[in-house]
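All remarks here apply to the structure that follows.
The values are calculated or read from the model by the stated rules, or taken from the named source; none is laboratory data. Keep in mind it's a predicted model, so treat the numbers as computed, not measured. Note: ideal-geometry Cβ built from the backbone for every residue, glycine included; neighbour counts use all protein chains shown. Please note that ligands, DNA and RNA were not included when accessible areas were found on the heavy atoms of the full protein model with its side chains. Shrake-Rupley method; radii C 1.70, N 1.55, O 1.52, S 1.80 Å.
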Amino acid sequence: KSFSKISAGAFIVADFNNGSVIAQKNQDKKMPIASISKLITALVTLESVDQHKQITITKKMLDSGYGDYGQLRLAETLTAGELLYPLLLCSSNDAAYALAMDYGFDNFVELMNEKAASLNLANTSFQEPSGTSPQNVSTPEDLFNLVKYLFENKRWIFDITKLRAINQWRNNNFFAGKEDYLGGKNGYIDEAGETLAALFSLPLSGTEKRNIAIILLNSQN
């Protein structure tokens, strides 16, 4: 098949169950990943932060996060577990910085990089927790392996990303709530273009459905 109409600079479409690749382009090329970074932010939070820990939102957290997608307010207090919802649904940069700064910013980012290394994501690295930095980079191959790991071991993260909304936080992902969507994360910054790391349950042969991971980087659509 020709995939010439796909605008993504790099992508991989692969069967999650057996690892077979359906289509790929520049699958090992490092590129900025934008808010896909928040999947690792959520993973590190789950593994290293007490989910009941109270985090008070400071001016520095709000100033560092760029944007108001999570509707977080100065002096508001939320638990680390609650912050995962604006982080993953609204793609709140403020929530990402709140989690990292409360833990200790440099130590948190170090944990993100250590986690990537422990998962053998050799071409993945992070400068900050939100994805606003173009120095947060990965490859379609690495992100396929990350999606696989999360779905098998930390599915709760994916369960959050399937929700249309909870409380005041609405999911900004086009696929949220659709029957075949199993979860994932999208993102955008100028340097990264549109990005997506997602998992779908799709009927590829007859009535049998297969879990298919779709990773897109540097897409215009």
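Measuring nothing but protein heavy atoms, the accessible surface of the stretch 1-128 at 1.4 Å probe radius is 48 percent carbon and sulfur.
With one equal scatterer per alpha carbon and no solvent term, the Debye-computed log10 I(q)/I(0) for the chain at 0.13 1/Å reads -0.69. The length gained by stretching the chain between ILE166 and ASN113 to full extension, at 0.36 nm per residue less their Cα-Cα distance, is 16.1 nm. In a simple Cβ point-charge model (Lys, Arg +1; Asp, Glu -1; nothing else charged), the chain has a dipole of about 620 debye relative to its Cα centre.
Per residue, the solvent-accessible area of the chain (1.4 Å probe, heavy atoms of protein chains only, all protein chains present) comes to 47 Å².
Ordered by 1.4 Å accessible area with all protein chains kept, TYR149, TYR66, TYR103 run largest first as TYR66, TYR103, TYR149. Less than 5 angstrom separates the built amide H of ALA10 from those of LEU217, all sequence-distant by 5 or more or on a different chain. In sequence order, the stretch 127-144 has phi-based couplings of 9, 7, x, 9, x, 6, 8, x, 7, 7, 10, 6, 10, x, 4, 4, 5, 4 Hz under the Karplus curve 6.51 cos²θ - 1.76 cosθ + 1.60, θ = phi - 60°, and Gly or Pro positions carry x.
Based on Cα contacts under 8 Å between residues 6+ apart, the chain shows a relative contact order of 28 percent.
ILE189 sits among other residues whose Cβ lies under 13 Å from its own Cβ, and their net charge, with Lys and Arg +1 and Asp and Glu -1, is -3. With the charge dipole of the stretch 1-141 set up from +1 on Lys and Arg Cβ and -1 on Asp and Glu Cβ about the Cα centre, the Cα lying farthest toward the positive end among the listed residues VAL109, ALA10, THR41 is that of ALA10.
When only alpha carbons are used to place a centre, the stretch 40-103 and the stretch 3-26 end up 32 Å from one another.
Taking each of LYS154/LYS185; LYS38/LYS185; LYS115/LYS154; LYS38/LYS148; LYS25/LYS154; LYS38/LYS162 in turn, the alpha-carbon distance tops 18 angstrom for LYS25/LYS154.
Across the protein chains, with a 1.4 Å probe defining accessible surface, the residues PHE105, PHE174, PHE158, PHE151 rank PHE174, PHE105, PHE151, PHE158 from largest area downward.
Relative contact order for the stretch 53-170: what percent, with Cα pairs under 8 Å and sequence separation of 6 or more? Don't skip to the end; give the middle numbers.
On the way: 151 pairs, mean separation 27.1, N = 118.
After rounding, I find 23 percent.
Selection among PHE158, VAL137, TRP169 by position relative to the dipole of the stretch 122-186 gives TRP169 as farthest towards the positive end (Cβ unit charges, Cα centre).
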